[in-house]
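Q: What follows is a single structure, and I will ask about it in a moment.
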Amino acid sequence: MQPLRSKSSFLIIMAFMSLMFAALNAYLLYSYTESTKNSSLKMLSLGISRSMMQRSSKLALIGMTNDTLIQQIDTTMQSFFDHKSAVYFSSPRVSNKVSAMKQEWGAIKEAMTRYRRNPSAENRAVLLASSERYSETADAAFFALHDNAEAKRIRLFVILGGIIFNCALIMIIIMYTKTAVRDQLEHFAYADPLTGAYNRRSLELFTTQAHETYLRAGIPYAITLIDIDRFKVLNDKYGHKTGDAVLQGIAHQIRNTTRKQDIFARIGGDEFIILQSHVTGIEAHKQAQRVLAAVDRKRYSGKKLRVTITIGTAEVKKKESVKKVIARADRALYRAKRGGRNKAVFL
């Protein structure tokens, strides 16, 4: 169960991180969308302030004053420097131009005041020059803000692509997790979750198939029963955790010693069985002896425990059922135990 748990934990972490990243991208998308929309409004405000300044200057040149218009320009100019506008004018290129506009507007108001007091040609020229500088600066600020808005639009597409990628990644992780869980559950339906060996249900299917092949084509098979010596004593002395580690270690040794096509199953607490096809009893017995030696060489559970096994092997005979073959293998196992354990007997 541990592989499934660790894999699922990793996938959950990946899905959570992807979800958080997608949420961050969604927030950035919203922020940039609002920023781009408000940038358009600020560009409109720049254009309006330019028009109002030109109108105010023209009125001053013909000897008229519109204090309401001047107040509107002052209010618009002030709005360029509040905390909301700071987001849109944060670029040095834009903020420098807007600051220059404010200075030029101050110069225009001074020029209009002087011209009202003394409508000389010199003061007229100063007012016109100030108005022209304001218009040029406002145009430069407009285009700088426009360039910023275009750059934000490009970033919007990048962020949108990131959101789509993360959503797709989350879907892939979900589908992969479902597949992994399903495969693992299917595996546990026919395998022992502790050792990874086949379970009794699977063994019955394989032995039935092997026996039918024997009856139909005469291909022999052999059954080998394996019992861990004094496992209950070991389990009581060292605990179930150590007992489980021993079971896993012995199963690993057996699996590495048998052929790939052999069926290795766990049929009880400390009992295993090997089903071998296309072999004679003698060949199966020789392999049982190799398994016996491999298990005896190994030390288990990090405690350097020496654990041995006892083995009984039987080959199928004519007119014999699977149950009878297993019964003979069990008698061979019993004979090996009576002989002192850590032995392999063929019957």
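Q: Quick one: in segment 171-182, which of the residues that are of a type in the set (Val, Ile, Thr) and modelled with pLDDT under 75 is surrounded by the fewest Cβ atoms within 10 Å (Cβ to Cβ)?
A: Step one: list which residues in segment 171-182 are of a type in the set (Val, Ile, Thr), which gives 172-174, 177, 179, 181.
Imposing the further condition that a residue be modelled with pLDDT under 75 reduces the set to 173-174, 177, 179, 181.
On the way: ILE173: 20, ILE174: 12, THR177: 17, THR179: 10, VAL181: 14.
The selected residue is THR179.
Q: Suppose we filter segment 119-170 for residues that are of a type in the set (A, V, I, L, M) and at pLDDT below 80; how many remain?
A: Residues in segment 119-170 being of a type in the set (A, V, I, L, M) and at pLDDT below 80: 15 in total.
Q: Do you know which of the residues in segment 193-234 that are more than 21 Å from LYS324 (Cβ to Cβ) and β-branched (Val, Ile, Thr) is nearest to the chain's Cα centre (by Cα)?
A: Residue satisfying both the conditions and the ranking: THR195.
Q: Of the residues LYS241, LYS324, which single one is basic (Lys, Arg), surrounded by fewer than 21 Cβ atoms within 10 Å (Cβ to Cβ) and within 42 Å of the chain's Cα centre (by Cα)?
A: Just one listed residue meets the conditions, LYS241.
Q: I'd like to know if segment 137-152 contains one or more residues that are outside any helix (DSSP H, G or I) and either crowded, with 17+ Cβ neighbours inside 10 Å or not assigned by TED's automatic domain parsing to the domain that holds ALA245 (or both). If you could, list the steps in order and put the result at the bottom.
A: Here is the first cut: in segment 137-152, the residues outside any helix (DSSP H, G or I) are none.
Scanning segment 137-152, I find no residue that is outside any helix (DSSP H, G or I) and either crowded, with 17+ Cβ neighbours inside 10 Å or not assigned by TED's automatic domain parsing to the domain that holds ALA245 (or both), so the answer is no.
Q: Could you please let me know if ARG259 is exposed (fewer than 14 other Cβ atoms within 10 Å of the Cβ), under 20 Å from TYR198 (Cα atoms) and either basic (Lys, Arg) or in contact with a Phe, Trp or Tyr (Cβ under 6 Å, 6 or more places away or on another chain) (or both)?
A: Against the criterion (exposed (fewer than 14 other Cβ atoms within 10 Å of the Cβ), under 20 Å from TYR198 (Cα atoms) and either basic (Lys, Arg) or in contact with a Phe, Trp or Tyr (Cβ under 6 Å, 6 or more places away or on another chain) (or both)), ARG259 qualifies.
Q: How many residues are within 22 Å of ILE311 (Cβ to Cβ) and free of Cβ contacts under 8 Å to residues at least 40 places away in the same chain if we restrict to segment 195-229?
A: Total satisfying the criteria: 1.
Q: Okay, next question. So, restricting to strands (runs of 3 or more DSSP E) that lie completely within segment 229-343, which ones have at least 1 residues that are modelled with pLDDT of 95 or more and out of contact with any Ser or Thr (no Cβ under 9 Å at 6 or more places or on another chain)? Break it down into steps so the answer makes sense when it comes.
A: Details: elements: 263-266, 271-277, 309-315.
Result: 271-277, 309-315.
The values are calculated or read from the model by the stated rules, or taken from the named source; none is laboratory data. Because the structure is a prediction, the values reported are computed rather than measured. Note: ideal-geometry Cβ built from the backbone for every residue, glycine included; neighbour counts use all protein chains shown.
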